[in-house]
Structure formats: C-alpha cells, structure tokens
Amino acid sequence: MSSQPIKTDLPWDTLASERIFENPWFALQQDQVRTHTGAEITYTYMQHPGVVAVVPVTADGQIVLIRQYRHTVKDWCWEIPMGGYDEDNSELVARKELLEEAGGVCQDLKYIAAFSAANGVGNIRCEVYLATGVELGSSQPETGELIEVAAKPRSEVMRMTRNGEITCGPSALALFLCEQHFPDR
C-alpha cells in the first residue's frame with residue numbers, strides 16, 4: 001500500500017453558491033461544486049457564527065455541568081455551558097454563557113483550543129475556555145432553555161465523559177482538552 005501526499009490546495013471548485021435559509025442562529029448554504037473527480041454536485045451545509053464552550057471548575061476543584069433538555073434528541077443531556085457568538089469577543093461570550101447557563105462567575109478564564117464541532121454538516125467552530133475559581137449563583141437561562149446545574153467531582157465528570165454519559169460531543173471534547181489544565185486539588 002503506497003501513501004500519497006496530502007494536497008494543501010482546495011480540491012473542489014465552487015461554481016455557484018446560494019443561501020437558502022437563514023434565522024438568527026444559523027443559515028443553510030447550498031453550493032454547486034466540481035469535486036476532485038470532476039463530478040458536479042450540490043452540497044448543502046450549515047453556516048454558523050461559532051460557539052464558545054466553558055469548562056467551569058470551582059475553587060474546591062469540582063466541575064460544573066448543566067443537564068439540559070434537548071428537543072433535537074428528545075432527551076436530557078449532560079453538557080458544559082456553551083453558546084453561540086453574539087459578540088466579537090469570545091471571552092465575553094464565555095463569561096456571559098457561564099453566568100446565564102450555570103449562574104457562575106470565575107476568577108480566571110483561560111483559552112484552551114478550538115475545533116470544528118460538526119465538519120460534515122456545517123462550519124461550526126467551537127472555542128474552548130477553562131474557567132477556574134468559579135462561584136455559583138442563580139442561572140439565567142434563555143426562554144427556550146430548560147437547565148439544571150450540578151457541581152461534581154472531577155473524577156466523576158471524567159468517568160462520565162469516558163463512559164459516554166456525556167453525549168454532547170463538543171462538551172466531551174472540551175472536557176478532554178481541558179483535563180491536563182485542571183488545577184491540582
């Protein structure tokens with residue numbers, strides 16, 4: 001089996017592009033493309049401004065999770081606070097989401113990494129922050145959010161992540177990315 005070099009140029013040409021749906025949260029884009037084989041196909045995907053995910057850690061080392069009802073999967077899901085960009089500054093979005101969804105404020109906020117959250121269906125970029133020294137108050141969920149807040153020992157949260165109990169992919173990856181940065185407690 002021979003390995004071929006990976007090309008760095010874009011292998012598909014966009015021939016035409018049209019926004020076919022738009023709401024305040026995302027848009028659907030439909031492109032006519034010529035693929036690497038020469039075939040011309042229609043490719044529809046979500047365009048999204050991106051999200052910010054926050055892994056909150058309290059002063060005593062517990063990780064704050066939210067349990068949120070998600071209508072798309074008709075289930076309750078363990079997640080971390082996360083929200084879409086509505087400002088130009090991702091750190092402001094991180095602080096806002098921590099307060100809204102978990103009722104938390106933090107002493108320190110550290111940028112960890114970014115990743116593509118669903119690159120097969122959209123361009124959602126997720127920026128991950130680690131919030132430490134988190135103090136919890138009352139959450140202020142948006143009208144369409146049904147959220148419960150729970151602070152859990154780090155070992156339990158990472159066990160939940162490894163065992164698939166945290167089914168939100170971006171939440172699980174954010175926890176793994178932050179794991180090596182958790183404060184020693």
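The values are calculated or read from the model by the stated rules, or taken from the named source; none is laboratory data. Treat the numbers as computed from the prediction; the structure is a model and nothing was measured. For neighbour counting, all protein chains shown are included, and Cβ atoms are generated from backbone atoms with ideal geometry for every residue, glycine included.
So Ile66 ticks every box in (1) in contact with an Asp or Glu (Cβ under 9 Å, 6 or more places away or on another chain); (2) at pLDDT 95 or above; (3) surrounded by fewer than 20 Cβ atoms within 10 Å (Cβ to Cβ) but one. Which box is left unticked?
(3)
Of the residues that sit in segment 91-147 and are β-branched (Val, Ile, Thr) and not in a loop (DSSP other than H, G, I, E, B), which one is nearest to the chain's Cα centre (by Cα)? Quick ask: steps written out before the conclusion?
Residues of segment 91-147 that are β-branched (Val, Ile, Thr), as a first pass: 93, 105, 112, 121, 124, 128, 132, 134, 143, 147.
Checking the rest, the ones that are also not in a loop (DSSP other than H, G, I, E, B) come to 93, 105, 112, 128, 132, 134, 147.
On the way: Val93: 12, Val105: 19, Ile112: 13, Val128: 7, Thr132: 18, Val134: 20, Ile147: 17 Å.
Taking the candidates together, the pick is Val128.
Residues of segment 45-72 being within 30 Å of Asp86 (Cβ to Cβ) and in a loop (DSSP other than H, G, I, E, B), which ones? Steps first, please.
Within segment 45-72, the subset within 30 Å of Asp86 (Cβ to Cβ) is 45-59, 62-72.
The answer is His48, Pro49, Gly50, Ala59, His71, Thr72.
Report yes if Ala131 is in the same structural domain as Ala172 (by TED's automatic domain parsing) and closer than 16 Å to Cys77 by Cα, otherwise no. Give the steps one after another, and end with the answer.
Working: in the same structural domain as Ala172 (by TED's automatic domain parsing): yes; closer than 16 Å to Cys77 by Cα: no.
Spelling it out, it is not the case that Ala131 is in the same structural domain as Ala172 (by TED's automatic domain parsing) and closer than 16 Å to Cys77 by Cα.
Given Thr42, Thr37, which one is polar (S, T, N, Q), assigned to a strand (DSSP E or B), exposed (fewer than 11 other Cβ atoms within 10 Å of the Cβ) and outside the structural domain of Leu109 (by TED's automatic domain parsing)? Explain how you work it out, then say what you get.
On the way: Thr37 fails: assigned to a strand (DSSP E or B).
Of Thr42, Thr37, the one residue that is polar (S, T, N, Q), assigned to a strand (DSSP E or B), exposed (fewer than 11 other Cβ atoms within 10 Å of the Cβ) and outside the structural domain of Leu109 (by TED's automatic domain parsing) is Thr42.
Out of everything in segment 110-131 that is buried (at least 19 other Cβ atoms within 10 Å of the Cβ) and out of contact with any Leu (no Cβ under 7 Å at 6 or more places or on another chain), what residue ends up being farthest from Ile63 (Cα to Cα)?
Ile124
Quick one: in segment 145-183, of everything that is without any contact (Cβ under 8 Å) to a residue 60 or more places away in the chain and of a type in the set (D, E, K, R), which residue is farthest from Asn119 (Cα to Cα)?
If we take residues in segment 145-183 being without any contact (Cβ under 8 Å) to a residue 60 or more places away in the chain and of a type in the set (D, E, K, R), then Glu156 is farthest from Asn119 (Cα to Cα).
Quick one: Thr14 ticks every box in (1) at pLDDT 95 or above; (2) part of a strand (DSSP E or B) except a single one, so which number is it?
Single failed check for Thr14: (1).
Can you go through Gln29, Gln62, Gln47 and tell me which one is polar (S, T, N, Q), touching a strand residue (DSSP E or B) at 6+ places or on another chain (Cβ under 6 Å) and closer than 24 Å to Leu98 by Cα? Don't jump to the end; show me each part of the working.
Values: Gln29 fails: closer than 24 Å to Leu98 by Cα; Gln47 fails: closer than 24 Å to Leu98 by Cα.
The unique qualifying residue is Gln62.
I'd like to know if segment 152-174 contains one or more residues that are in a strand (DSSP E or B), within 18 Å of Pro56 (Cβ to Cβ) and not charged (D, E, K, R). Give the derivation first.
Taking segment 152-174 and keeping what is in a strand (DSSP E or B), we get 152-153.
Next, only the ones that are within 18 Å of Pro56 (Cβ to Cβ) stay: 152-153.
Next, only the ones that are not charged (D, E, K, R) stay: 153.
Yes, that holds for at least one residue.
State which residue is nearest to Met160 (Cα to Cα) when the search covers only segment 48-58 and only residues that are of a type outside the set (Val, Ile, Thr) and at pLDDT 95 or above.
As a first pass, look at segment 48-58 and keep what is of a type outside the set (Val, Ile, Thr): 48-50, 53, 56.
Now restrict to residues that are at pLDDT 95 or above: 53, 56.
Numbers: Ala53: 18, Pro56: 16 Å.
Per the criteria, the residue is Pro56.
So which residues in segment 73-90 are among the aromatic types (Phe, Trp, Tyr) and assigned to a loop (DSSP other than H, G, I, E, B), if there are any at all? First the steps, then the outcome.
Of the residues in segment 73-90, the ones among the aromatic types (Phe, Trp, Tyr) are 76, 78, 85.
Tyr85 - this is the single residue of segment 73-90 that is among the aromatic types (Phe, Trp, Tyr) and assigned to a loop (DSSP other than H, G, I, E, B).
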